[in-house]
Amino acid sequence: MEDVPAVLALYDQAVEWLVASGRSGQWGTDAWSEKPELRARVRRFAESGGMRVAENEGAVVGAMWLGPAPPFIPSVEEPELFLSALVIDRRCAGLGVGQALLDHARAEAVERGIGLLRLQCWAGGDQGLVRYYERAGFVQTGRRKSNFQDGWEGAILSQRLHHSGDRSSCPA
């Protein structure tokens, strides 16, 4: 819970950057810290036990939330871990913070015996966010419209994970 203000500041910073770069369709134009429903969402992430943060010298530089898929995401017929949120300090862009958090999500899923990691991300604009996750090894498996913001469309992406003891992933 003590990380909630720092995570809200990351979202505020991200919204400011998205608006300045012409991508207000992702999270809108208002700071998350100014919207009660978004403050409550981050508090729920923390209270659920699924929020993970990345720190550098004691400062929160990234955060994600792992847990079950939200009810509006089409279900799958196997155990999965769902990445519902990922936000990075813009000052750390390109330094591997996002990759480190994704690596942690993969490792946590494998540790739990789960072979599928899924997420939903904004599929608007120049598709840059979708391409980011595809470069990280995810495959687009669906799309869905949302009422988060007028015209918001999301891509659902999946990644199969291999357990270290799974010999089927080793070359013959």
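The residues R118, R135, R41, R143, when put in order of fewest to most other Cβ atoms within 10 Å, stand as R135, R143, R41, R118. Just so you know, the Cα atoms of region 65-113 work out to an Rg and Dmax of 12.8, 39 Å.
Based on DSSP H runs of at least 4 residues, each adding -39500 (n - 2.57), what is the mean residue ellipticity at 222 nm of the chain after dividing by all its residues, to the nearest 500 deg cm²/dmol? For the chain, the value works out to -10000 deg cm²/dmol. Across region 75-140 the C-alpha pair distances fall into 10 Å bins from zero in the proportions 18, 51, 26, 4 percent.
Please report the spacing between the Cα centers of region 10-41 and region 50-71 in Å, no decimals. Their Cα centres are 17 Å away from one another.
Sorted fewest first by neighbouring Cβ atoms within 10 angstrom, W152, W65 come out as W152, W65.
Size descriptor for region 21-111, Kirkwood hydrodynamic radius: 14.7 Å (Cα pairs only, one decimal).
In whole percents, the pair-distance distribution calculated for the chain from its alpha-carbon pairs, binned every 5 Å from zero, is 1, 8, 16, 21, 22, 17, 8, 3, 2, 1, 0, 0.
No value in this document is a laboratory result; all are computed from the given coordinates. Note that this is a predicted model, so its numbers are computed, not measured. Cβ coordinates were reconstructed from backbone atoms using ideal geometry, including for glycine residues, and neighbour counts include every protein chain displayed.
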